[in-house]
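The values are calculated or read from the model by the stated rules, or taken from the named source; none is laboratory data. Nothing here was measured: the structure is a model prediction, and the numbers come from that model. Glycine also receives a Cβ, built like all others from the backbone with ideal geometry; neighbour counts cover every protein chain displayed. The protein model used for the area step is the full one, side chains on, heavy atoms only, and it has no ligands, DNA or RNA in it. Shrake-Rupley method; radii C 1.70, N 1.55, O 1.52, S 1.80 Å.
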Amino acid sequence: MLDPTVVILLGFALLFGLCALRVPIGFAMGISGTTGFALMSGFDPAFRLVSHSFIASLTNYTLGLIPLFILMGAVATASGMSRQLFRAAQAWLGHLRGGVALATIAACGGFAAICGSSAATAATMCKLALPEMRRLGYRETLATGVIAAGGTLGILIPPSIALAVYGLITQQNIGLLFIAGIVPGLLAIVLYMSVVKLWTLWRPQDVPAGEAAPPGERLDSVKSMGPVLLLFVFVIGGIYGGLFTPTEAGALGAAGAIAIAAFRRQLSWAVLTSCLRESVRTGTAILIVLVGAVLFGYFLTVTQTPQRAADLLIAADLGAYGTLFFVILVLLVLGCLIDTLAVVILVVPIVYPIVTRLGFDPIWFGVVVTMTVEIGMISPPVGLNVFVIKGIVRDVNLWTIYRGVAPFIVIDLIRLAIIVAFPAIATFLPDLMR
């Protein structure tokens, strides 16, 4: 049997080599994990592990929540619920200086509550809000920055796919994780809006005044978004009240979104079929990544990688918060370079035992992980949301978008520091459920 240290180095070298060759992260983790396990335990046990992992993972009842919440978001997008949320926010905030930017952030928060995907939130709001901000004369730096930053709300405000994946990896209660994301998500909305208001004071010429909506339009907007808010309250309130599990909430949320869209005559069979295809395609991609993560996790276990990493960090004598700072720094760097879910799946199995060994709350740490990788979605040199916007609006260069998101990155780091300093912001609601 090879030395475990050598196998660890070979396993990670193979993983990053496959990623460099653009092999999908799920397959890369599965191949490197299986190879590393085989080098430690033999190829026959490794091949049996592969077949067992596929069956055990894909028949896990809890995993059903992922395609169900994706379906809910797809139906909400296709049926125009996102447009109604934006119009409602614009009716109430549009008359203020910078009102459309404020409305965009509010609509991103509302859409995140029924979507769960940052990229989908950014893409949807880019199509809705950017033309309006351009018409009114907003500086493109601010307009694109607001949309990119607002899109990151989709990864934190429940239902969050990233929090669900974290819960599956760490065996934490996904319902508690969803509830823990509510207050930090609301705090993000408030802080993002404060950035817009500060921009208004700093460069008022970049942020024109909007147009006041008639009182009747405001009333109509409340009526139009009522069912969407009711759906969110029903899904999250049911989890909070213990009426149903997160997986059942996903099923009821998807059924509720379909029912609302059908009642409003905004959903045809063709659109529903397209939404089902999207949820199956996206859900399958995520499930493949999770299977790869399971295989890679067995490799980490058999080589005792988490224990070795914990011993190294504790021997470094950085202290609890020094170690946490190091973990956050690693998450920030990786979040700037690779996909959010890939970061969560790759890093959490290694650092989770370290963090819990130091006495940190695992539910709180899930929120910290999600917030940290969320910053990477708008940070150079990659920033997924930045490239999503660039793909839709090809006449805006990347440097313009990166300059626009810079103040939002700063406020995100401040928000992260607040959550680290005051964990109760994320934990007091889950504590009420325990």
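Of everything listed in (1) free of Cβ contacts under 8 Å to residues at least 12 places away in the same chain; (2) within 17 Å of the chain's Cα centre (by Cα), the single unmet condition for Leu312 is (2). Annotation: Val351 fulfils all but one of (1) open to solvent by 10 Å² or more (accessible area, probe 1.4 Å); (2) more than 25 Å from Ile169 (Cβ to Cβ); the unmet one is (2). One residue alone among Gly98, Gly42, Gly80 is surrounded by fewer than 18 Cβ atoms within 10 Å (Cβ to Cβ) and more than 22 Å from the chain's Cα centre (by Cα), and that residue is Gly42.
For region 136-154, the candidate set comprises residues that are at pLDDT 85 or above, assigned to a helix (DSSP H, G or I) and not small (Gly, Ala, Ser); within that set, the residue that is most open to solvent (accessible area, probe 1.4 Å) is Glu140.
Does any residue of region 232-246 turn out to be open to solvent by 60 Å² or more (accessible area, probe 1.4 Å) and closer than 30 Å to Leu96 by Cα? Yes, that holds for at least one residue. Of all residues in region 394-434, those satisfying the criterion of being out of contact with any Leu (no Cβ under 6 Å at 6 or more places or on another chain) and β-branched (Val, Ile, Thr) are Val396, Thr400, Ile401, Val405, Ile409, Val410, Ile414, Ile418, Ile419, Val420, Ile425, Thr427. If you scan region 51-76, which residues turn out to be surrounded by fewer than 24 Cβ atoms within 10 Å (Cβ to Cβ) and in contact with a Phe, Trp or Tyr (Cβ under 9 Å, 6 or more places away or on another chain)? Result: Ser53, single match.
In region 188-207, the residues that are closer than 17 Å to Ile414 by Cβ reach residues that are open to solvent by 50 Å² or more (accessible area, probe 1.4 Å) with C-beta atoms within less than 8 angstrom, at least six apart or across chains, in these pairs: Leu191/Ile414.
When you check Gly33 against the structure, is it open to solvent by less than 20 Å² (accessible area, probe 1.4 Å) and either under 16 Å from Val294 (Cβ atoms) or touching a helix residue (DSSP H, G or I) at 6+ places or on another chain (Cβ under 9 Å) (or both), yes or no? Yes; evaluated as a whole, the condition is true for this residue.
Looking at (1) surrounded by fewer than 22 Cβ atoms within 10 Å (Cβ to Cβ); (2) closer than 13 Å to Gly150 by Cα; (3) among the polar types (S, T, N, Q), which is the one condition that is false for Thr400? In the conditions (1) surrounded by fewer than 22 Cβ atoms within 10 Å (Cβ to Cβ); (2) closer than 13 Å to Gly150 by Cα; (3) among the polar types (S, T, N, Q), Thr400 misses (2) alone.
Among the residues of region 116-135, count how many are in contact with a helix residue (DSSP H, G or I) (Cβ under 8 Å, 6 or more places away or on another chain) and either of a type in the set (Val, Ile, Thr) or open to solvent by 10 Å² or more (accessible area, probe 1.4 Å) (or both).
Of the residues in region 116-135, 10 are in contact with a helix residue (DSSP H, G or I) (Cβ under 8 Å, 6 or more places away or on another chain) and either of a type in the set (Val, Ile, Thr) or open to solvent by 10 Å² or more (accessible area, probe 1.4 Å) (or both).
For region 322-338, does any single residue satisfy the condition of being more than 21 Å from the chain's Cα centre (by Cα) and either modelled with pLDDT under 85 or within 23 Å of Ile55 (Cα to Cα) (or both)? The answer is no; no qualifying residue exists.
Within region 403-422, the set of residues being open to solvent by 60 Å² or more (accessible area, probe 1.4 Å) and either at pLDDT below 85 or not aliphatic (A, V, I, L, M) (or both) comprises Arg403, Phe422.
For beta carbons closer than 6 Å, sequence separation of 6+ or different chains, a first residue in region 39-54 that is within 15 Å of Val294 (Cα to Cα) and hydroxyl-bearing (Ser, Thr, Tyr) and a second that is open to solvent by 60 Å² or more (accessible area, probe 1.4 Å) and part of a helix (DSSP H, G or I), there are no qualifying pairs.
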